[in-house]
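Enquirer: Mind looking over this structure? Questions follow.
No lab work stands behind these numbers, since they all come straight from the coordinates. Note that the structure is a prediction, hence the values are computed from the model and not measured. Quick reminder, even Gly has a Cβ in these numbers, built from the backbone with ideal geometry, and neighbours come from all protein chains shown.
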């Protein structure tokens, strides 16, 4: 008799590549974290945008029936002219922003907004497994009907902290948020000499 471990766990199926009807249902302000970039540590203020894809569904739990697939992407929280976040938002709303508009743009106002998402597949250098990545966005074409939103709209930021939403995140993202400068300052123990601050969009 022999017991042999499988070469890998259950196969993960990424969101299909291509253009998808989507709706922004969750915005998470991660905060300023340190990440390795081209062999060096770099600090970046990060935000995560999450979209549901109402026309791509799957049964995750029998009692809930079919639910839309979701996909997220992190961006550096910057609306500078060449920033990826600004390019993405301009694509999503279908208009270029002048610098004054970009600097005062309230990203939270996009919550619940539908759009077309372009999803591409890439291969992870670390694991060799394929993954889906949001490559860009565009407005919904005229006449195209978008199904009603399934997931509740949720926003996590350091001005109006939502502990319930934070607790619902994956351990990976909770640890990443806990490592941020904003989280450490906001939840610093009383008497350690660090004043708490509020950081929003």
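Enquirer: Suppose R0 equals 41 Å. What FRET efficiency, 1/(1 + (r/R0)^6) with r the Cβ-Cβ distance, do residue 124 and residue 165 give to the nearest 0.05?
Expert: 0.90
Enquirer: Any idea what % of Cα-Cα pairs in the chain are farther than 31 Å?
Expert: Here the tail beyond 31 Å accounts for 26 percent of pairs.
Enquirer: Would you mind telling me which residue in 172, 51, 187 has the biggest mean-square fluctuation in a Gaussian network model of the chain, where springs connect alpha carbons within a distance under 10 angstrom?
Expert: Sorting by GNM fluctuation, first place goes to 172.
Enquirer: Assuming R0 = 35 Å, what is the FRET efficiency of residue 178 and residue 103, from their Cβ-Cβ distance, to the nearest 0.05?
Expert: 0.75
Enquirer: Next up: Rank by packing, highest mean first: peptides 136-142, 164-170, 57-63, with packing defined as the count of other Cβ atoms within 10 Å averaged across residues.
Expert: Listed from highest to lowest mean packing, they are 136-142, 164-170, 57-63.
Enquirer: Give me D for region 111-151 in µm² s⁻¹, whole number, from Stokes-Einstein with Rh from the Kirkwood sum over alpha-carbon pairs, 37 °C and 0.692 mPa s.
Expert: Here the translational diffusion coefficient equals 261 µm²/s.
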